[in-house]
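Following: one structure in structure tokens, then a few remarks.
The values are calculated or read from the model by the stated rules, or taken from the named source; none is laboratory data. Remember, predicted model here, so these are calculated numbers, not experimental data. Cβ: placed from backbone, ideal geometry, glycine included. Neighbour counts: every protein chain shown. Accessible surface is based on the protein model in full, side chains and every heavy atom, while ligands, DNA and RNA are left aside. Shrake-Rupley method; radii C 1.70, N 1.55, O 1.52, S 1.80 Å.
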Amino acid sequence: MAPENIIFEQIRSGGCLSYLLGCLDKKKCVVIDPELDKADEYVELAKFFSSELLYAIDTHTHADHNSACKILREKHAIQVIMHRTTDTPYIDIGVEDGELIEFGAQSLKVVYTPGHTQDAMCLLFRDRIFTGDTLLIGGCGRTDLPGGSPELQYDSLRKLRTLGDEIRVYPGHDYREAVSTLGDEKQNNARMLIPNEKEFVHFMTSRKPPLPRKIEGALEWNRTPIQGTQRGMGEGI
Ligand SMILES: [Fe+2]
């Protein structure tokens, strides 16, 4: 089999997963859902692969941990990408459904999947998909925080159902195993198996999980520009 000519590293930080993905030929890479404590590690990893870190991409506005995006932007001039509906004030590029994020000879395709938050997106890369908190292994992101919508989450999971079974799932958290396939999730994920929107909404709204422990600090950090206190105006989480 021909080598893939890509850089692919899954980086753990507590329960959070981030990913360094790159084009080995052209020596360009991106980081997906970078976590603040690991900011220097992403930069060092890119250097290790002699690769330029072009973009820091958040799949959505995180409510449970601090994103490294604005630090990577401030300290290393790395451009920040999020879905165009985000109210995060420090993004450089807002992308929309179907758009390609190119790095060297490789690209990620944006799959807009609101529901966990209104700015949530998945990123399709060949036979892999980075699902953020839209689809977790054996579960899906909660929809009860501001900006969440169980109805939209239902539609987004249906949208993911239309993609190929062989696609490997790389989520933003590893509450169970750290990788699965869409085929496995379609067959075994209880939330993907709920047959209609009404039942799905009932399931999601009848659960009352505790708030993320760091929600206030995370939202403050993730929704303000580097220097100041300006808050985003929308409802993203
Ligand atoms: Fe999240």
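Numbers at a glance
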quantity	calculated
Gain on full stretching of the segment that runs from ASP127 to LEU163 - 0.36 nm per residue minus C-alpha separation	11.9 nm
Residue of LYS38, LYS70, LYS47 that the Gaussian network model of the chain assigns the largest fluctuation, springs spanning Cα pairs under 10 Å	LYS47
Candidates PRO195, PRO150, PRO34: whichever shows maximal mean-square fluctuation once the chain is modelled as a Gaussian network with Cα springs under 10 Å	PRO195
Cα→Cβ-extended label distance, 7 Å offset, between HIS202 and LEU100, nm	4.5 nm
Anisotropy class of the range 96-207 from Cα gyration tensor, a/c 1.5 cut	prolate
Share, in percent, of DSSP beta bridges within the chain that are antiparallel, nearest 5	65 percent
Ratio Rg/Rh, restricted to the chain and using Cα atoms, in which Rh is the Kirkwood radius	0.95
Heavy-atom accessible surface of the range 6-209: percent carbon and sulfur, 1.4 Å	47 percent
Lysines with Cα under 17 Å of LYS28, excluding same-chain neighbours fewer than 8 positions away	LYS47, LYS109
Cα centroid of the range 81-136 to Cα centroid of the range 4-61, whole Å	15 Å
Accessible area (Å², per residue) of the chain, counting only protein heavy atoms and a probe of 1.4 Å	45 Å²
